[in-house]
Amino acid sequence: MKLFVGLGNPGAKYAGNRHNIGFMAVDAIAADHGFGPWKARFRGLVSEGRLGGEQVMLLKPETFMNLSGQSVGEAMRFYKLTPADVMVFHDELDLAPGKLKVKQGGGHAGHNGLRSMHQHIGEAYGRVRLGIGHPGHKDAVANYVLSDFAKAEQGWLDDLLRGISDGAAHLAEGDGARFLNMVALRVAPPRTSTGTRPEGGAKPKPEGRAKPEGEAKPEAGAAEPDTRNALQRLADRFR
């Protein structure tokens, strides 16, 4: 079994906060992949289902962010899981909005939810770092993460969450590269050729007979070429 943990704060007051993007990520997975209803367990809410060939439990700790590790630790002990079985979705100030990175192990970088995780299960768990950007000054961080995403941010946020859901099965199976590719296809889809002329671009050439190499097209108003031989030209001069 794999344990996917979304970090956030419980309650409607915090539901739209930037700090709750981890909750949003596991909610998207549950909704798109037919997971079971959310139930109260392990000091949190859990939903179970399958992603590809893996049995997965989604967990949203209800202990508030600073105590998230308590909930995760209880779930791990019950199912006899190791930190390698755990993937945590959390907000990341050091990544631009809409950017995402996958990481295994490492420090908590001052994130209170991750700090609690370190205290209860160690540091060897996986993380999906979800970029929310930085307000520009450390004194503004608390208010920034506890404020809702702006309307102007809903576009990239929706694309990011859809991409996470699209690639969730690859993440559960340990294929981080394919997971990242699925996210990228949503966040930055490749441009497709529509056959239309870009604004300000050259007008497409009409289809038709290809011009033989070396064949020059006469300019408008040009004189017809003189096809007379030398004798004819001489005779015409004395007429």
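When the C-alpha to C-alpha distance is required to be over 21 Å, the pairs from LYS60/LYS80; LYS99/LYS151; LYS39/LYS103 that qualify are LYS39/LYS103. Peptide packing: for 124-137, 90-103, the average count of neighbouring Cβ atoms within 10 Å per residue gives the ranking 124-137, 90-103, highest mean first. Within the shell defined by Cβ-Cβ distances under 10 Å, the residues around LYS101 carry a net charge of +2, with Lys and Arg each +1 and Asp and Glu each -1.
Working from the Cα coordinates of the range 82-150, the gyration tensor eigenvalues give, after taking √(5λ), semi-axes of 23, 13, 9 Å in decreasing order. The alpha carbon convex hull volume per residue for the range 2-187 rounds to 104 Å³.
Restricting attention to the range 2-187, close to 55% of DSSP beta bridges with both partner residues there are antiparallel. Shown for the range 2-187: the carbon plus sulfur share of the solvent-accessible area, taken with all protein chains present and a 1.4 angstrom probe, equals 52%. Charged side chains reduced to their Cβ positions (Lys and Arg at +1, Asp and Glu at -1) give the range 2-187 a dipole of some 260 debye around its Cα centre.
Peptides 110-116, 5-11 ranked from most to least packed by the mean count of surrounding Cβ atoms within 10 Å: 5-11, 110-116.
The values are calculated or read from the model by the stated rules, or taken from the named source; none is laboratory data. Please read all numbers here as calculations on a predicted model, not as lab measurements. So basically every Cβ, Gly included, is an ideal-geometry build from the backbone, and we count neighbours across all protein chains shown. For the accessible areas, the whole protein counts, side chains as well, though only heavy atoms, and no ligand, DNA or RNA atoms are used. Shrake-Rupley method; radii C 1.70, N 1.55, O 1.52, S 1.80 Å.
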